[in-house]
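J.: Okay, handing you the structure first.
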Amino acid sequence: MVGLTLPRGRQLRFVSVAATGLLFASIAVASPGNAQAVAPAANQSAAAVEAPLGVDEIASSPNLKLIANLPKQAPFDTTAAFGTDIAFQGRYAFVGNYDGFVIYDVAKPSKPKIVSQVLCPGAQNDVSVYGDLLFLSTDSSRNDDSCSSTSQSATNKESWEGIKIFDIKHKASPRYIKAVETACGSHTHTLVPAKDKKSVYLYVSSYSPNAAFPDCQPPHDSISIVKVPLKKPTDAAVVATPNLFPDGGYEGRTGGSATTGCHDITAYPTKDLAAGACMGDGVLLDISKREAPRVLHTVRDTTNFAFWHSATFNNRGTKVVFTDELGGGGGATCNETVGPERGANAIYDITGRGDQRKLEFRSYYKIPRTNGDTENCVAHNGSLIPVLGKDIMVQAWYQGGVSVWDFTDSRNPKEIGYWERGPLSDSQLILGGSWSAYYYNGHIYSSDIQKGLDVLALNDWRTWTAKLAHFRELNVQTQPSYLSW
């Protein structure tokens, strides 16, 4: 073990010790209600009507192939050490894990290498990067803010949850430099650069307040905004807690979550827009004033959406894809019983101008394959593929695999490629599959909860122009723009 003593008793531990198991709590799978099984659509592949795959069996469309898999390494190789979100910078991919994070060298995508692993338990440990800084979300109540912390009830006033900041100038030896506590912790966060480029803001999403939690009291209709001065990141602090639902959010229903905070926000800084997925509500935000985001429009789906999970803009900023994480990621929802409109994506067009902009529903998209009862499968994290003149996205579906789909026609989305593994078990549901699947500089990178890092090659005439786009840094929830027409 290599130890590094840090201020205020923090300790950074590199991976030569055993990881401790972490508890996973998932939202109960909603009742199927009146969903009806449907016949496969004309644009579905033959795989859509085939029997589910066997354990670890692989299937894919001809245009999407696995070129590398790097399994999780100790101490992140337990079933409780879930691989989570991904950020990118230059030749590196940064992958969160419930027990910390991993830095990969992906200069040669077919042969990724682990540069370093940082043991720092605190689910979900979603990550973003900016320059020499890495930000890590902690949404599990801990006894302190160190990397050697242990679980402690949120009923204890001294418990800690929030944002951890690391100096990653030296990729082989990241250094923990600062912690910022935020109300109800940090389930996810979204990095938004300040307009003067001297600071970055972190829009912190968290939810599920409880009257017994001193630092997470209801109502919790706000987000926390952390300002990080780039020249002195140790001065990072919460500077605002804007209330996005002053009249209260969605009250909830059987099979549909009440709004008690936000799950995730995607910002489009060059458009001064953001889209929030807030449990029971979807919101469109004006972020022209970084410390004072304004809600432009709120939408609800009280028929099919159970849990508004995440959002993606198209490149023009005229559409938003919201995802419904029915079952909290822990349920088998890609089947005929649940149907094609639940646990799916919802595509909204942005209409109007200025403060009159609104979200208008157009259609749902769900993968056209049936998964087995031992496979957790639902819409999850994805990114745009930077294709000229088209709206094409790659997306993770847990054990439903990776889907590439086109929503250029908002009313008629269609899949154009897929890759998936069979279940981890044919007798019991073990939580696994692709947590995040993102396109970065010519390849698709997938963080598999149990299997580690997957790298996929997409070869399709419809997406070839994406190879012309190159990003020096990519945090998917900080959506960049690219050349289009």
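Rule-based calculations on the coordinates, nothing more; no lab input. What you see is a predicted model; the values in this text were computed from it and never measured. Backbone-built Cβ (ideal geometry, glycine too); neighbour counts: all protein chains shown.
J.: FRET efficiency for GLU336 and GLN428, Cβ-Cβ distance as r, R0 = 35 Å, nearest 0.05? Please list the in-between numbers first.
T.: Details: r = 21 Å, r/R0 = 0.61.
Once rounded, the FRET efficiency stands at 0.95.
J.: Taking 7 Å along the Cα-to-C-beta vector as the label spot, tell me the LYS414-ASN210 distance in nanometres, rounded to one decimal.
T.: With each label point 7 Å from Cα toward Cβ, the separation is 4.9 nm.
J.: Hey, if you drop one equal point scatterer on each alpha-carbon of the range 273-351 and run the Debye formula without solvent, what base-10 log of I(q)/I(0) do you get at q = 0.27 Å⁻¹?
T.: -1.29
J.: State which entries of LYS171/LYS195; LYS197/LYS358; LYS65/LYS366; LYS65/LYS319; LYS178/LYS227 exceed 18 angstrom in Cα-Cα distance in the structure shown. Don't skip to the answer; put the middle values down first.
T.: Details: LYS171/LYS195 28 Å; LYS197/LYS358 30 Å; LYS65/LYS366 21 Å; LYS65/LYS319 29 Å; LYS178/LYS227 12 Å.
The pairs that break the limit, which is 18 Å between Cα atoms, are LYS171/LYS195; LYS197/LYS358; LYS65/LYS366; LYS65/LYS319.
J.: Local charge sum around HIS189 (other residues, Cβ-Cβ under 11 Å, Lys/Arg +1, Asp/Glu -1)?
T.: Values: positive: LYS164; negative: ASP85, ASP126, ASP139, ASP264.
Computed value for this residue: -3.
J.: Which parts of the range 190-231 would a label at HIS170 reach, counting a residue when its backbone N lies under 11 Å from a point 7 Å out along Cα-to-Cβ?
T.: Within reach of a label on HIS170: no residues.
J.: Cα-based Rg (one decimal) and Dmax (whole number) for the range 153-261, in Å?
T.: 15.8, 49
J.: May I ask you to list the trypsin sites (Lys or Arg not before Pro) in the range 204-299 that are in a DSSP loop and have at most 13 other Cβ atoms within 10 Å of their Cβ? Mind dumping the intermediate values first?
T.: On the way: sites: LYS227, LYS231, ARG253, LYS271, LYS289, ARG290, ARG294; in loops: LYS231, LYS289, ARG290.
Listed in order of number, the matching sites are LYS231, LYS289.
J.: Under 14 Å between alpha carbons, and skipping anything fewer than 8 positions from LYS231 in its own chain: which aspartates and glutamates qualify?
T.: ASP132, ASP167, ASP196
J.: Next up: Among the GluC sites (Glu not before Pro) within the range 130-184, which fall in a DSSP loop and have no more than 12 other Cβ atoms within 10 Å of their own Cβ?
T.: GLU158
J.: Show me the GluC sites (Glu not before Pro) within the range 315-423 that DSSP assigns to loop and that have at most 16 other Cβ atoms within 10 Å of their Cβ.
T.: Working: sites: GLU325, GLU336, GLU341, GLU360, GLU375, GLU415, GLU420; in loops: GLU325, GLU336, GLU341, GLU375.
Loop-located and lightly packed - GLU336.
J.: To make sure I understand the rule: partners must be aspartates and glutamates, Cα under 16 Å from the Cα of LYS111, and not fewer than 8 residues away in the same chain. Which ones qualify?
T.: Partners within reach: ASP454.
J.: Give, as a single signed number, the net charge of other residues whose beta carbon lies under 10 Å from the beta carbon of THR150, with Lys and Arg counted +1 and Asp and Glu -1.
T.: Working: positive: ARG142; negative: ASP144.
Net local charge, THR150 excluded: 0.
J.: When only alpha-carbon atoms count, how far does the range 430-485 stretch along each of its three principal axes, as whole angstroms with the largest first?
T.: 44, 27, 17
J.: Give the distance, in whole Å, between the Cα centre of the range 326-379 and the Cα centre of the range 278-296.
T.: Between the Cα centre of the range 326-379 and that of the range 278-296, the gap is 21 Å.
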